[in-house]
Amino acid sequence: MTDVQINYLNGADVARLSLTDHEIMEAVSGALAAQSHGQTVVEPRVHLVPESSDKGHFNVLRGVIQPLGLAGVKIVGDFVDNYKQSLPSEMAVLNLFDPVTGMPKAIIDATRITDMRTGAMTALGARFLAPRNSRILGHIGTRGTAYWNIRLLDHLFDFEEIRVHSRRAESREAFAQRLEQDLGKKVTVTTTWEACLDGADILVEASRLPEPAPLLKTEWVRKGALIIPYGTMSALELSLTDVIDKVVVDDWGQCGPGRPYGALRQHVDQGKITRETLYAELCDIVGGKLPGRENDSETILFWHRGLSITDIALGAALLNKATRLGVGQKLQF
């Protein structure tokens, strides 16, 4: 058998490589462009629930990006109470393969990748769908992905006001302090969902609810706003879609009927969002097939569930940078 060496990047390697905001956005944009041109395979994620979904579960994401010559499988654990053991709630491993031979090519700590690619999807959605002069961001949730949501959104919009909220006071205070240090601007900590979201130009809902609960009220959404929910359990009122002009998703295959979980699961299952009423998948907007926001009065909803190809694209970007800088290890297969 041919000698096979696998590239291995651990968490310290990924941190050392420190992809820039531009590198992250470019990698994810490239994945969506490939998706738009039919050069990817995206299979709906599957779940492994060890005990009960309110405590946590594993997501298994699978995909192929033909222009990069890579297939990938990412396994990410999502466990709510990990903070009690000083662990991140989401930890992940990405495995990359040659899609022609199946030969393993890399093993990468994908915890940071998960955070970065989620933030990049949020930011890319806002680039095409948010009001052009967005000045106020309201963000629910402080998990790892939340930092990259706000960092990359602010990279695009340079907000005048950033509001954050989460269930635990200690987490939202520490989160705001980190953001203030990294962004060099004030971040407002709010004690209620309403104070965080009411009247914001961009509303991001990244909560971690144990079960669906309509905590984001439709009446807080101003006309012309962009709403980006991606919690596992829905925090949205069923009436929200009644005030929406366009619904955009990352992948209808993962959002459509018959799938578990997701911020708009009830809306889909009750027929308030269908394939026919869906405006677009984000890749079609990024790829220029459809316009995004067409005027400032459009109220738009962008729901992303997580694309395997964005993990693969960031994994490839990390591998390329690691090769240039001599970072990482080779493992004998």
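The values are calculated or read from the model by the stated rules, or taken from the named source; none is laboratory data. What you see is a predicted model, and the numbers here were worked out from it, not measured in a lab. When we count neighbours, we look across all protein chains shown, and the Cβ atoms used for this are built from the backbone with ideal geometry, even at glycine. We work out accessible area using only protein heavy atoms, side chains counted, and drop any ligands, DNA or RNA first. Shrake-Rupley method; radii C 1.70, N 1.55, O 1.52, S 1.80 Å.
What is the residue count in segment 167-187 for residues that are within 25 Å of L215 (Cα to Cα), under 21 Å from the mean Cα position of the chain (by Cα) and open to solvent by 10 Å² or more (accessible area, probe 1.4 Å)?
4
Quick one: which strands (runs of 3 or more DSSP E) lie wholly within segment 1-94 and hold at least 3 residues that are within 21 Å of G262 (Cα to Cα)?
Because the criterion is at least 3 residues that are within 21 Å of G262 (Cα to Cα), the strands (runs of 3 or more DSSP E) in segment 1-94 that meet it are 40-48, 56-65, 70-79.
What is the one condition in (1) touching an Asp or Glu at 6+ places or on another chain (Cβ under 9 Å); (2) over 25 Å from T323 (Cα atoms); (3) not hydroxyl-bearing (S, T, Y) that V46 does not satisfy?
Failing condition for V46: (1).
Look at V80 and say whether it is of a type in the set (V, I, T), under 22 Å from C283 (Cα atoms) and under 20 Å from the mean Cα position of the chain (by Cα).
No.
Just to check your reading of the model, which residue among K330, K272, K246 is in contact with a helix residue (DSSP H, G or I) (Cβ under 6 Å, 6 or more places away or on another chain) and either buried (at least 20 other Cβ atoms within 10 Å of the Cβ) or not small (G, A, S) (or both)?
On inspection, the qualifying residue turns out to be K272.
Scan (1) assigned to a strand (DSSP E or B); (2) under 18 Å from K321 (Cβ atoms); (3) open to solvent by 10 Å² or more (accessible area, probe 1.4 Å) for the single condition D115 breaks and write down its number.
Here D115 meets the rest and fails (1).
Among the helices (runs of 4 or more DSSP H) confined wholly to segment 248-313, which include 1 or more residues that are of a type in the set (V, I, T) and touching a residue at least 60 places away in the same chain (Cβ under 8 Å)?
Output list reads 282-286.
Please find, within segment 291-315, the residue that is modelled with the lowest pLDDT out of those that are within 27 Å of Q266 (Cα to Cα) and among the hydrophobic types (A, V, I, L, M, F, W, C).
If we take residues in segment 291-315 being within 27 Å of Q266 (Cα to Cα) and among the hydrophobic types (A, V, I, L, M, F, W, C), then L307 is modelled with the lowest pLDDT.
Residues that are part of a helix (DSSP H, G or I) and surrounded by fewer than 18 Cβ atoms within 10 Å (Cβ to Cβ): does segment 224-233 have at least one?
no
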